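S.K.: This is the structure I want to talk about, given as structure tokens.
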Amino acid sequence: MLCFWTLMIFYSAAIFADFLAPYSFKNEDRNFSYCPPTPIKLRHAGHLTAPFVPELKLHFNDIHKRIYTQDEGKRFPLKFFIQGDEYKFLGMFSTRRHLFGVDAPGRVYLWGADARGRDLFSRILHGARISLSIGLIGVFISFTIGLLVGGIAGYYGSWVDNILMRICEMFMMVPSFYLLLALRTVVPDNFNSLQIYFSIVAILSFIGWAGLARIIRGMSLSLREREYVLAAKGMGLSDFAIIVRHILPHTMSYSIIAIMLSIPSYILGESALSLLGMGIQDPYASWGNLLSDAMGIVAIQFAPWILLPGLFILITVICFNVIGDALRDSLDPLFKSDFAGL
Amino acid sequence: MIPLLELKYVRKSFPLARNFWGQTKRWLTAVDGIDLSIFPLEHLGLVGESGSGKTTLGRMIVRLLKEDEGEIFFAGQNLSRLGSRRLRLFRQHFQMVFQDPFNSLDPRFTVFSLMAEPMIWEKNIPKTKKIEKIQHLLKAVRLPPDILNRFPHEFSGGERQRIAIARCLITQPKFLVLDEAVSSLDVVVQAQILDLLLDLQKAFGLTYLFISHNLRVVRKICRRIAVMVKGKIVEMGPMAEIFGDPRHPYTRELLTAAMDYKASPERNDMVFPSGVQLRDVGKGHFLLQ
Ligand SMILES: Nc1ncnc2c1ncn2[C@@H]1O[C@H](COP(=O)(O)OP(=O)(O)OP(=O)(O)O)[C@@H](O)[C@H]1O
Ligand SMILES: [Mg+2]
């Protein structure tokens, strides 16, 4: 249950990322490179005040390390529903409102800044859009393919089954990570970010459908002997209608579990690609390419907050797995009644 | 009289064992060369022990299985020659009622969607017309018309079998194969369904192939009986002839079991020498000799 709400929060945060984040994903200020999380203070000179952010002053110490000191001489009050970077709210209308922020030249970095002084909090929110949606879209595509291929193979049997299953095995034979890399190299370099996004989705779903197809094929092989399937055939329904109406729905309880358990692999796949610099390109943010900033030990040592995207990947993956397991436990009786002998 | 359904030396085998190369080594002949004619408005009872190939025969007639050899004619049309598209249209003329109404109705469908399913392609029929038609048939099988939104598991076995029968009648078939259609029901409900079947026969002008292993049930609605053993019809004839003068040892055994038939001749070893044929022994009574 906790996991469910965590995911709900993640997904709604991703949907309203523009509004929740104080900055857009490419808003940078090089004066604040690797700025640590800014404190939000409620007290000034011993008195309670409205929340504010103190001015940050940059120094270099004797080994040229950046040191930010707080100077409460100049205070930037934290404002809600502030005007900021322009964006399209839910893709419908343009607005500049953000949930919170401070007036320039002050900057608020809830979770610190990256090398180019971009707000990590804003970028994680924007990255959630890509990382989380890739899981859903990828799963949707590969499950559509997997269900249809599995249903057709199992229902027709004989040579149709043979051909389709050999194709499946070709996909399952190659370790998926190498397949992922190999397919990525096929994608032209001059794609824009949207095209790259969709090619990553396509690649991930291309890899993912085979395993499901095999299992659905096994189920539909046994389901096609059911009398209601025979009855539907006798009624004059087309094979396609029988597969879609009478065979695939009976594999649903299994499929839902499989969907839940396989979403993480899409998120991880995207992260892996982006981490290696082959996925979503800067300045666009995904959790994977945010994490690629954290590949140097020096960066981690001086700016440990850039590991945060990894934590989000971890939490999301764990949540999907826990939910998948919980669903499996609760749907098990149902599943068993559908597949007593399987 | 022209038969509605005519079977000419129909055979069907199932693979039993395969060798290493995937070739079938042993076959099980479930239906072994059956000739049979069924006339319009007739009820033919098909009885036989378990595994004698009754279901296989019924399924071949309604084209859920394809025969290996032989031909099946329905209203003059050679079913074996129909292409898949034309066959799908032709299916409306014959339907099958299955033994177990718990399995033959998809548990995820409501009564309405089950009953409307055979009309799925007739998109230009408005939903109210479909409902009207469905309710008319529900009334014909003596079910209340307000059950359209309920699911199969909410009904008793007898009610489900009525739904299954009503569903078969949607396409206005002329011919029904009833495969052990009442075997899973208790005696009282059995009698009700049999009554219903007789009424429906009159109302809709149906012809039945009534498959059963229970002679008592068959006697209630059939005037002609065929007895099947090991994929062959061994004896066939009018009700009174079979009951009054059973010739084949298996028929006698069936009668003994079902009706306390007095004679108890020892059962012959049932191996058929080749070249045996159904021979007329008078009064429409045929025997495998
Ligand atoms: N799909 C199949 N594959 C292999 N063998 C089959 C198949 N269907 C039926 N058989 C075999 O064919 C034989 C005849 O089966 P069938 O179901 O027609 O008998 P039946 O007379 O209907 O028996 P019952 O009274 O038990 O229903 C049986 O020995 C059965 O094992
Ligand atoms: Mg049977």
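S.K.: For region A:4-138, what is the accessible area per residue in Å² when the probe is 1.4 Å?
M.R.: So region A:4-138 comes to 52 Å² accessible per residue, rounded to a whole number.
S.K.: Moving to a separate point now. Work out the length of the dipole vector of chain B about its Cα centre, built from +1 on the beta-carbon of each Lys and Arg and -1 on the beta-carbon of each Asp and Glu, and round it to the nearest 20 debye.
M.R.: Roughly 920 debye for chain B.
S.K.: Grab every C-alpha pair in chain B, bin the distances at 5 angstrom width from 0 up to the longest one, and report whole percents.
M.R.: The percentages, shortest bin first, are 1, 5, 11, 15, 17, 16, 13, 10, 6, 4, 2, 0, 0.
S.K.: To continue, here is another question. Give me the distance between the Cα centres of region A:109-187 and region A:214-281, rounded to whole Å.
M.R.: 15
S.K.: Another question, if that's okay. Taking the Cα-to-Cβ direction at A:Phe81 and at A:Tyr68 and moving 7 Å from each Cα, how far apart do the two end points lie in nm?
M.R.: If labels sit at A:Phe81 and A:Tyr68, their model points lie 2.8 nm apart.
S.K.: With a 10 Å cut-off between alpha carbons and a GNM built on chain B, which of B:Glu154, B:Glu49, B:Glu69 moves the most?
M.R.: Highest fluctuation of the listed residues: B:Glu154.
S.K.: Show the residues, 5+ positions off or on another chain, whose built amide H is closer than 5 Å to the amide H of B:Val229.
M.R.: Amide H neighbours of B:Val229, under 5 Å, 5+ apart: B:Val234.
S.K.: Same structure again: Return the Cα extents of region A:38-108 along principal axes one, two and three, sorted largest first, each rounded to a whole Å.
M.R.: For region A:38-108, the Cα extents along the three principal axes come out at 50, 35, 15 Å.
S.K.: Check the protein assembly as shown for me: any Cys whose beta-carbon has no other cysteine beta-carbon within less than 4.7 Å?
M.R.: Cysteines lacking a close Cβ partner in the protein assembly as shown: A:Cys35, A:Cys168, B:Cys168, B:Cys222.
S.K.: Could I ask something else about it? I'd like the interface area for chains A and B: accessible area of each alone minus the complex, both sides summed, 1.4 Å probe, protein heavy atoms only. What is it in Å² to the nearest 100?
M.R.: The buried area between A and B, both sides summed, comes to about 1900 Å².
S.K.: So for the protein assembly as shown: antiparallel DSSP bridges make up what percent, rounded to the nearest 5?
M.R.: If I count the DSSP bridges inside the protein assembly as shown, around 70 percent turn out antiparallel.
S.K.: A further question on this structure: Could you work out the relative contact order of chain B? I mean the mean sequence separation of Cα pairs under 8 Å and 6+ apart, divided by the number of residues, in percent.
M.R.: 21
S.K.: Return the percentage of antiparallel bridges among DSSP beta bridges fully within chain B, rounded to the nearest 5 %.
M.R.: Of those bridges, close to 60 percent are antiparallel.
S.K.: Run the numbers on region A:238-259: which residues show a drop of 20 Å² or more in accessible area, chain on its own versus all protein chains together, using a 1.4 Å probe over heavy atoms?
M.R.: A:Ser238, A:Arg245, A:His246, A:Pro249, A:His250
S.K.: Against the empirical 2.2 N^0.38 Å scaling, what ratio does the C-alpha Rg of chain A come to?
M.R.: Compactness ratio reported: 1.25.
S.K.: At A:Phe4 and A:Ile318, where each label point lies 7 Å from the Cα along Cα→Cβ, what is the point-to-point distance in nanometres?
M.R.: Label-label distance for A:Phe4 and A:Ile318, simple model: 2.0 nm.
S.K.: Let me ask something additional. May I have the pair-distance distribution P(r) for the protein assembly as shown, computed from all Cα-Cα distances with 10 Å bins from 0 and rounded to whole percent?
M.R.: 3, 13, 18, 16, 13, 11, 9, 7, 5, 3, 2, 0, 0
S.K.: Just tell me which aspartates and glutamates come within less than 12 Å, Cα to Cα, of A:Lys57; anything on the same chain fewer than 8 places away is out.
M.R.: Correct list for A:Lys57: A:Asp71, A:Glu72.
S.K.: Taking θ = phi - 60°, what integer Hz values does the Karplus form 6.51 cos²θ - 1.76 cosθ + 1.60 yield along region B:31-46, in sequence order, with x for Gly and Pro?
M.R.: 10, 10, x, 10, 10, 7, 10, 10, 9, x, 6, 8, 10, 9, x, 10
S.K.: Treating cross-link reach as a plain straight distance, find the lysines whose alpha-carbon is under 17 Å from the alpha-carbon of B:Lys220, omitting any fewer than eight places away in the same chain.
M.R.: In chain and number order, the partners are B:Lys202.
S.K.: Ok, one more. So what are the ³J(HN,Hα) numbers for region B:82-88, from phi and the Karplus equation (6.51, -1.76, 1.60; θ = phi - 60°), rounded to whole Hz, Gly and Pro as x?
M.R.: Values per residue, Gly and Pro as x: 6, x, 5, 5, 5, 4, 4 Hz.
S.K.: Would you mind checking B:Lys25/B:Lys66; A:Lys233/B:Lys232; A:Lys233/B:Lys12 for any pair whose Cα atoms are more than 23 angstrom apart?
M.R.: A:Lys233/B:Lys232
S.K.: What's the extension gain from B:Glu154 to B:Asp35 if we count 0.36 nm per residue and subtract their Cα-Cα distance?
M.R.: That works out to 38.6 nm of additional length.
S.K.: Can you list residues from other chains, or at least 5 along the same chain, whose modelled amide H is less than 5 Å from the amide H of B:Trp27?
M.R.: B:Leu16
S.K.: Let me ask you something else. Residue farthest toward the positive end of the dipole of region A:38-108, with Cβ of Lys/Arg at +1 and Asp/Glu at -1: which of A:Pro105, A:His47, A:Asn61?
M.R.: It is A:His47.
S.K.: Could you tell me how far the Cα centroid of region A:39-84 sits from the Cα centroid of region B:36-106, in Å?
M.R.: 85
S.K.: Under the rule of -39500 (n - 2.57) per DSSP H run of 4 or more residues, summed and divided by the residues of chain A, what mean residue ellipticity at 222 nm is obtained, to the nearest 500 deg cm²/dmol?
M.R.: Calculated at 222 nm, the ellipticity per residue is -18500 deg cm²/dmol.
S.K.: Please report, to one decimal in angstroms, the Kirkwood hydrodynamic radius of region A:114-217 built from all distinct Cα-Cα pairs.
M.R.: About 15.5 Å for region A:114-217.
S.K.: Just the number, please: carbon plus sulfur as a percent of the accessible area of region A:38-108, 1.4 Å probe, no ligands or DNA/RNA counted.
M.R.: The computed percentage sits at 58.
S.K.: When the expected Rg is taken as 2.2 N^0.38 Å, what fraction or multiple of it is the alpha-carbon Rg of region B:82-232?
M.R.: 1.06
S.K.: Cα axis of helix B:249-259 to longest principal axis of chain B: angle in degrees, 0 to 90, nearest 10?
M.R.: Long axis of B:249-259 versus the principal axis of chain B: about 50 degrees.
S.K.: Report, to two decimal places, the Cα Rg of region A:43-192 normalised by 2.2 N^0.38 Å (N = number of residues).
M.R.: Its radius of gyration relative to the 2.2 N^0.38 Å reference: 1.78.
S.K.: Then there's this: Name the residues whose placed amide hydrogens come within less than 5 Å of the amide hydrogen of A:Lys74, ignoring near sequence neighbours (fewer than 5 apart) on the same chain.
M.R.: Excluding prolines and chain starts, which carry no amide H, the hits are A:Glu55.
S.K.: If you place +1 on the Cβ of every Lys and Arg, -1 on the Cβ of every Asp and Glu, and leave all else neutral, what size is the dipole of region A:125-332 about its Cα centre, to the nearest 20 Debye?
M.R.: Roughly 380 debye, rounded to the nearest 20.
S.K.: Would you report the distance distribution of C-alpha pairs in region B:33-74 as whole percents per 10 angstrom bin, up to the bin with the largest distance?
M.R.: Binned Cα distances yield the sequence 23, 58, 19.
S.K.: Okay, moving on. Starting from the Cα of A:Lys26, draw a straight line to each of the lysines and keep only those under 16 Å, dropping any in the same chain fewer than 8 residues away.
M.R.: Of all the lysines, those that pass the test against A:Lys26 - Cα under 16 Å, at least 8 places apart if same chain - are A:Lys88.
S.K.: Using Cα springs under 10 Å in a Gaussian network model of chain A, which residue among A:Ile167, A:Ile247, A:Ile216 shows the largest mean-square fluctuation?
M.R.: A:Ile167
S.K.: Through the Karplus equation 6.51 cos²θ - 1.76 cosθ + 1.60, θ set to phi - 60°, convert the phi angles of region A:71-78 into ³J(HN,Hα) values in whole Hz; use x for Gly and Pro.
M.R.: Karplus values, whole Hz, x for Gly and Pro: 10, 7, x, 10, 10, 10, x, 6.
S.K.: Filter the cross-link list B:Lys174/B:Lys283; B:Lys54/B:Lys139; A:Lys41/A:Lys79 down to pairs whose alpha-carbon distance in this structure exceeds 22 Å.
M.R.: With Cα atoms farther than 22 Å apart: B:Lys174/B:Lys283; B:Lys54/B:Lys139.
S.K.: Once both labels are modelled 7 Å past Cα along the beta-carbon direction, what's the B:Val188-A:Asn190 spacing in nm?
M.R.: My value for the distance between the label points is 8.3 nm.
The values are calculated or read from the model by the stated rules, or taken from the named source; none is laboratory data. No experiment lies behind these values; they were computed from the predicted model shown. Cβ sites come from the backbone with ideal geometry, for glycine too, and all protein chains shown count toward neighbours. What goes into the accessible areas is simple: the full protein's heavy atoms, side chains included, and nothing from ligands, DNA or RNA. Shrake-Rupley method; radii C 1.70, N 1.55, O 1.52, S 1.80 Å.
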